[in-house]
Protein chains: 2
Amino acid sequence: VSAPLAQPRALREDDVVAAIHEIVASATSRRIVLGIGDDAAIWQPSRSHRSVITTDMLVEGVHFTRELMPFFDMGWRAMAANVSDVAAMGARPVLATIAVGVPETVSPDELFELYRGLAAMAARAKISVVGGDLSRAPVLTLAIAAVGEVRPSNVKVRSGGRPGDVVAVTGPLGAARAGLLVARDALTVDDDVARTALDAFRRPQPRVAEGRFLAASRNVRAMMDCSDGLSTDLDRLCTASGCGAVVECVPVADGARAIAEQIGEDPQSFALAGGEDFELIVAIRAQAYPHLSLRFAAHFGRPLLRVGRLRPQAGVSWREDALARSGWDHFAR
Amino acid sequence: VSAPLAQPRALREDDVVAAIHEIVASATSRRIVLGIGDDAAIWQPSRSHRSVITTDMLVEGVHFTRELMPFFDMGWRAMAANVSDVAAMGARPVLATIAVGVPETVSPDELFELYRGLAAMAARAKISVVGGDLSRAPVLTLAIAAVGEVRPSNVKVRSGGRPGDVVAVTGPLGAARAGLLVARDALTVDDDVARTALDAFRRPQPRVAEGRFLAASRNVRAMMDCSDGLSTDLDRLCTASGCGAVVECVPVADGARAIAEQIGEDPQSFALAGGEDFELIVAIRAQAYPHLSLRFAAHFGRPLLRVGRLRPQAGVSWREDALARSGWDHFAR
């Protein structure tokens, strides 16, 4: 396992995860329906039930800084990321545990504000915070584990996509990345644009209802959330499904378009690379797509957005060009 | 909530946890049987099943240092702590997720060695590692969440103790603390003593079988693990049960006795203050104690060890003296 990984700087996160997967795979019981590699793992607490579990770690200086974000929003975002992973399995959020590492420079009131943000997102997603752990740490560190439940017939994973499937997302992309730029670089944009972008960055809305709606359809063959950017996450969906994809059109959030133009980037490229939007990516049987997207629009009052098609050849291309994964990779930099 | 906590340095971990509990308690559904405050939370995935979940965060420089412990053992201990919390509910370990924050100074091979330790403990406890997260972090940080399952009738919590109950532990205490001193201060003790103590510190054995055995008895009225030291944890059991306790005798591990004598500490005090032994503390109906302890000894080949009695008056005393909580508190120092 270690031989091809001799140069730490050349490691990609997915390579490290694959090596770790091999190490821990030895001890998996038959109660585990799906282990490492999807948005969440699945197990079978009883014959007629499936539970899912996911975990995320957020580290100050890596995922967020205190300058960019109030404590309340740190908590909100951390919880949102885990709720989103539960939603991406088609599951209903049930409970979460929260471990927090607290540096001496964070006051109790700031810590409580963080928990208020966690609790506010949890209340919105109807997920109960049932336990946790507190520790001293050199920087603020959050690790959340979230559990959800789903009917066995509704479970969605990344690997179900087939060539020909339509790839769609539950909303336009790039808003969170735009919000990060607004917060960090204080870009001069229209107040409304700035506010919308900041909101998308600081208070993202995981697509729980959308995930459950899509999970109930047999024509949705694969689903995951878009937390690391469409280019990176669609590549993961394709790899899991044993196929590739052509991206035809990237739906760009309004705020993202304005910010991209200001910094001189192509809006679609900007949106492709933007992580933490928490929209869901789905692969849908092509014949079923028109009807499903109509039902989705009727139910949620906004459209399901087509981004492309799955294809037999591996890799993700943008129209004709091969697309580099431009999203977040913890080990590549 | 924040008023009595104005002075951060005066905060005890339990005070902070209580304040946080209030913040997050708002959003708890009826599916949650038990939330924050015990070794693990309990929920009901279906009518005839109970699941438990616990989480722990371990931070380099706070809970461990690389000098004191090989990477394999860091992984082993981190997993053991979570397995122990599951065992303390009377549950069978089922699965765990692992989030790891990795500093640049940890090589992939060291990281994999950490995961080998996690996997080895997991295999021993028959717990499946089903997912996780990797992040950059300034110091090595581990956050594990573990899930277990237990028959509804066998669930044990901290709050069931009643005055008159016998308090017992599943093994002698202080060995992990002795091992820490051996590792840190290179004390000159007999090789066998040093090895046993180091082993207890680096490769603790959570009491899964013992927990399930004790959980099956209706006469065991409260159970928890002794991860922060008997003086601290028995106080928690008493507070949850609305009573107090008298400690009559602290069973001291062999290695702990030798080390305590060498550093001039009373062996029983030494053992009282020593955390991370992962023995279970139980409150047992007094009439049932003799028979249960015989059955325990017959089953495990070693005795259940009586340490004292629960009493109506609050607080934990050692024989006649009030006992200060001498275990670990993240916020007290």
Round to the nearest 0.05 the FRET efficiency obtained for A:Arg319 and A:Asp191 when R0 = 51 Å and r is the Cβ-Cβ distance.
0.90
GluC sites (Glu not before Pro) within region B:59-143: DSSP coil, no more than 16 neighbouring Cβ in 10 Å
B:Glu67, B:Glu104
Virtual paramagnetic centre 7 Å along Cα→Cβ of A:Ser48, amide N under 20 Å, in region A:142-165:
A:148-155
For labels at A:Ser107 and A:Asp266 in the simple 7 Å Cα→Cβ model, what's the distance in nm?
4.9
Could you tell me what percent of the DSSP beta bridges with both partners in chain B are antiparallel, to the nearest 5?
75
Counting only other chains, what is the mean number of Cβ atoms within 10 angstrom of the Cβ of each residue in peptide B:101-112?
5
So the label point sits 7 Å from Cα along the Cα-to-Cβ vector; using that for B:Arg285, what distances do you get to the other copies, in nanometres, sorted shortest first?
5.8
State, to one decimal in nm and shortest first, how far the label point of A:Leu187 sits from each corresponding label point in the other identical copies (label point: 7 angstrom along Cα-to-Cβ).
6.1
Taking square-rooted eigenvalues a ≥ b ≥ c of the alpha carbon gyration tensor, is region B:83-241 rounded, prolate or oblate, where a/c under 1.5 means rounded and, failing that, a/b exceeding b/c means prolate?
oblate
Given the protein assembly as shown, what percent of its DSSP beta bridges are antiparallel, to the nearest 5?
75
Rank A:Ala260, A:Ala245, A:Ser217 by how far each Cα sits towards the positive end of the charge dipole of region A:214-298 (+1 on Lys, Arg Cβ; -1 on Asp, Glu Cβ) and give me just the farthest.
A:Ser217
Based on the alpha carbon coordinates of the protein assembly as shown, what radius of gyration and maximum Cα-Cα distance (Dmax) apply, in Å?
25.7, 82
Full extension between A:Asp254 and A:Asp199 adds, at 0.36 nm per residue less the Cα distance, a length in nm of 18.5 nm
Using the Cα gyration tensor of chain A, with a ≥ b ≥ c the square roots of its eigenvalues, what is the shape: rounded (a/c below 1.5), prolate (a/b larger than b/c) or oblate (neither)?
rounded
Which one of A:Ala88, A:Ala120, A:His63 has its Cα pushed farthest toward the positive end of the charge dipole of region A:27-156, where Lys and Arg give +1 and Asp and Glu give -1 at the Cβ?
A:Ala88
The size of the Cβ-based charge dipole (Lys, Arg +1; Asp, Glu -1) of chain A about the Cα centre, to the nearest 20 debye, is 1700
Which whole-number percent gives the relative contact order of chain A, counting Cα pairs below 8 Å spaced six or more residues apart?
22
Springs between alpha-carbon pairs under 10 angstrom, Gaussian network model over chain A: which of A:Asp191, A:Asp225, A:Asp233 fluctuates most?
A:Asp191
What FRET efficiency, computed as 1/(1 + (r/R0)^6) with R0 = 51 Å and r the Cβ-Cβ distance, is obtained for B:Ser153 and A:Arg285, rounded to the nearest 0.05?
0.65
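Given +1 on the Cβ of Lys and Arg, -1 on the Cβ of Asp and Glu, and no further charges, what dipole in debye does region B:177-333 carry about its Cα centre, rounded to the nearest 20?
About 860 debye.
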Treating the point 7 Å from Cα along Cα-beta-carbon as the label, what are the nm separations from A:Arg218 to the other copies, to one decimal?
4.9
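Every number here is computed from the coordinates shown, using simple stated rules; none is lab data. Keep in mind the model is a prediction, meaning the values are calculated, not measured. Neighbour counts run over all protein chains shown; Cβ positions are idealised from the backbone, glycine included.
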